[in-house]
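None of the figures in this text is laboratory data; all of them are computed from the coordinates on show. Worth saying up front: this structure is predicted, and the values here are computed from it rather than measured. Cβ atoms come from the backbone with ideal geometry, glycine included; neighbour counts cover every protein chain shown.
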Amino acid sequence: MSSTLKDQIKADMIAAMRAKEKETLGVIRMLQAAIKQKEIDDKVTLEDAGVLAVVEKMIKQRRESIKQYEAGNRPELAAKENQEITVLEVYLPTPLSAEELNALIEQTIQQTGASSIKDMGKVMGLLKGQIQGRANMSDVSNIIKERLS
């Protein structure tokens, strides 16, 4: 039986309990709750791609919180959010290098025959499945805009 991302998260939760790592355990429990909530809301059982989307969303929320905390001069809260991101990033696949990302974008632009900014949706749609969790989608969007304009 192959191990899924949910299995890995559960195993990590048990390991964190045994090691009495309170902060890590709290983040993992929050992640499991978010996954369960998504499954209940959508009435589905999430596969790895769905779990990955939940992890990405949680990381994005924490990055936005960090900006707010830094703007509000609350470095201790920003540091806590950073620790949570570190725990969550363990579940993301290996990030793409800049060269790999640029090659994938170029290949997709050629594959779709995209020639203007109007074709950006086609390119993003094809790329999203290939690079989910491996690159920041807003960065990818900016690179595509640059290439197509």
For this session: Tell me the label-point distance for the pair A71, Q107, using the 7 Å Cα-to-Cβ offset, in nm and rounded to one decimal.
Result: 3.8 nm
Seminar exercise, completed: Once the in-chain neighbours fewer than 8 apart are removed, the aspartates and glutamates whose Cα is under 16 Å from K6 read E39, E47, D48, E56, E89
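Rounded to the nearest angstrom and ordered from largest down, what semi-axes does the equivalent ellipsoid of the chain get from its C-alpha gyration tensor (root of 5λ)?
Three semi-axes, in Å: 32, 20, 13.
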For this session: Could you work out the per residue convex hull volume over the alpha carbons of region 5-89, in cubic angstrom?
Result: 84 Å³
For this session: Give a residue-ordered list of calculated ³J(HN,Hα) values for region 43-50 (Karplus: 6.51 cos²θ - 1.76 cosθ + 1.60, θ = phi - 60°; whole Hz; x for Gly, Pro).
Result: 6, 9, 9, 6, 8, 4, 4, x
Exercise. What angle, in degrees between 0 and 90 and rounded to the nearest 10, separates the Cα long axis of helix 98-112 from the longest principal axis of the Cα atoms of the chain?
Worked result: 50 degrees
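Starting from the Cα-Cα distance between V44 and S141, subtract it from 0.36 nm times their residue separation and give me the gain in nm to one decimal.
32.0 nm
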Exercise. When the Karplus curve 6.51 cos²θ - 1.76 cosθ + 1.60 is applied with θ = phi - 60°, which whole-Hz ³J(HN,Hα) does each residue of region 133-149 get, with x for Gly and Pro?
Worked result: x, 10, 7, 6, 5, 6, 5, 4, 4, 5, 5, 5, 4, 4, 6, 8, 9
